Amino acid sequence: DNYVKELFTKAIEKNIAVIGITDYFLVDGYEKIKNEYLSNEQKLNTLFTNDEIEKIKKILILPNIEFRLNKFVGRNSINFHVIFSEEVSINDIKENFLHEIDFVYEGNPQTQDEKWKLKIENLKRLGEKLKREHSEFTDRDELFIGMVNAVVDDSQILEILNKKPSIFKGNFLILLPADEDLSEIDWNSRDHNVRKVLIQKSDILFSSNENTKEWALGLKHEEIENFINEFKSLKPCIWSSDAHSFDRLFEPDLKRYTWVKADPTFEGLKQIIYEPDERVRIQEGKPEEKRSYFVISKVRFIDNTGQNNFQSDYIELNQDLTSIIGGKSTGKSLLLYYIAKTINQDEVSNRLKDIERNIDIYDFHDDKNFDFEVCLLYTSPSPRDLSTSRMPSSA
């Protein structure tokens, strides 16, 4: 309860749109949050207010499974992440993916390694065995010891995902931490191709380093096509807090927050692999930040005349680009006229005086039962607060 309370309270405070719940080898943390909290209204009501619950339900939660590979740099194994779409069921992730992955339990002379499936019970049994055999492990939890020592093969991971396209095709992304252990592999060493093949397999790199980002976009190569030929695709970089404590939740080092220009969906996240330079930024402030009073969130006609000239539903507008499309005499100019007149009546009047040709002047506002509303997006105290303007009383 305390973890979930901290997680979502801080997410709301920082206006987080997407959270990846990360476990080594498992999807259990994601499953617990989805089933025991987000799908349990009674439980949520004991931890959060109605307003908080409404905001929490707008946050996308994705399962991120981290694997320790059977490839090592010094004392550390290289890590490999698989992020799944929220559309993939937890049962499919377990039964049709994780439980088909092998790890080596033990070896024997002149025989194949004994391999066990990647399940909690088997990881615990590996831990129990290693604790019996190695005294330095005796004071640690069996599952912890099993997870620390188990390693898997990246080729098998991709083989399993690709042999079940009806479940997984288009529903997962491969991410590689580029600036952790992998960066310690010298490009001029015998492990050159190990490093290269892992990068070739990845969709996205975990890195906030500007040099890595430029390299992954092919900007360090003479030709971008040369990078694509060598590494198979351009690699967008993203970053996170990688929080292992409450105080680090959603607080990456140096405030290097990841901003993705897309809908907060898995499909939106996938767009960065097709437009890696245009769709993602790592920086403290929101890219293309606009002054709040420059952004119209939504508008509507308020028609109480009884004539049913207009629907009173809100028309939502995109803060970056809005195109008004319609045939002749469908109300395009009328809509623009009342948006402008509501925001600044005097400016509209002055502009009309400067126009030398005759234009249609709308007079719906002469009826006291007609009104028009413009909602501006404000960033204080909450990014979701709106400021509302109605037609001027003199109109």
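Quick check on the stretch 231-280: of everything there that is open to solvent by less than 60 Å² (accessible area, probe 1.4 Å), closer than 28 Å to TRP187 by Cβ and of a type in the set (A, V, I, L, M, F, W, C), which residue is farthest from the chain's Cα centre (by Cα)? Top of the filtered list is PHE231. Those residues that are part of a loop (DSSP other than H, G, I, E, B) and either in contact (Cβ under 8 Å) with a residue 12 or more places away in the chain or of a type in the set (Asp, Glu) (or both), I need them from the stretch 268-299; list them, please. Residues satisfying the conditions are GLU275, PRO276, ASP277, GLU278, ARG279, GLU284, LYS286, PRO287, GLU288, GLU289, LYS290, VAL295.
Looking for whichever is open to solvent by 50 Å² or more (accessible area, probe 1.4 Å), modelled with pLDDT of 95 or more and part of a loop (DSSP other than H, G, I, E, B) here; the options are GLU36, GLU87. Which one fits?
Working: GLU36 fails: part of a loop (DSSP other than H, G, I, E, B).
It is GLU87.
So, of the residues in the stretch 281-306 that are among the β-branched types (Val, Ile, Thr) and within 26 Å of the chain's Cα centre (by Cα), which turns out to be surrounded by the fewest Cβ atoms within 10 Å (Cβ to Cβ)? Let's see the steps before the verdict.
Within the stretch 281-306, the subset among the β-branched types (Val, Ile, Thr) is 282, 295-296, 299, 302, 305.
Narrowing further to those that are within 26 Å of the chain's Cα centre (by Cα): 282, 295-296.
Details: ILE282: 21, VAL295: 16, ILE296: 19.
Filtering the stretch 281-306 for residues that are among the β-branched types (Val, Ile, Thr) and within 26 Å of the chain's Cα centre (by Cα), the one surrounded by the fewest Cβ atoms within 10 Å (Cβ to Cβ) comes out as VAL295.
If you check ASN350, ASN318, ASN358, ASN309 for being at pLDDT below 90, open to solvent by 70 Å² or more (accessible area, probe 1.4 Å) and closer than 30 Å to SER240 by Cα, only one passes: ASN318.
Here's the yes/no breakdown for (1) within 25 Å of THR258 (Cα to Cα); (2) at pLDDT 95 or above:
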position: PRO165; (1), (2): no, yes
position: LEU173; (1), (2): yes, yes
position: GLU180; (1), (2): yes, no
position: SER183; (1), (2): yes, no
position: HIS192; (1), (2): no, no
position: VAL197; (1), (2): no, no
position: ASP203; (1), (2): yes, yes
position: SER208; (1), (2): yes, no
position: LYS220; (1), (2): yes, no
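Taking the stretch 187-209 as the range and being in contact with a Cys (Cβ under 9 Å, 6 or more places away or on another chain) and not polar (S, T, N, Q) as the test, the residues that pass are ILE204, LEU205, PHE206.
The values are calculated or read from the model by the stated rules, or taken from the named source; none is laboratory data. Please read all numbers here as calculations on a predicted model, not as lab measurements. For neighbour counting, all protein chains shown are included, and Cβ atoms are generated from backbone atoms with ideal geometry for every residue, glycine included. These accessible areas exclude ligands, DNA and RNA; they are computed on the full protein's heavy atoms, side chains included. Shrake-Rupley method; radii C 1.70, N 1.55, O 1.52, S 1.80 Å.
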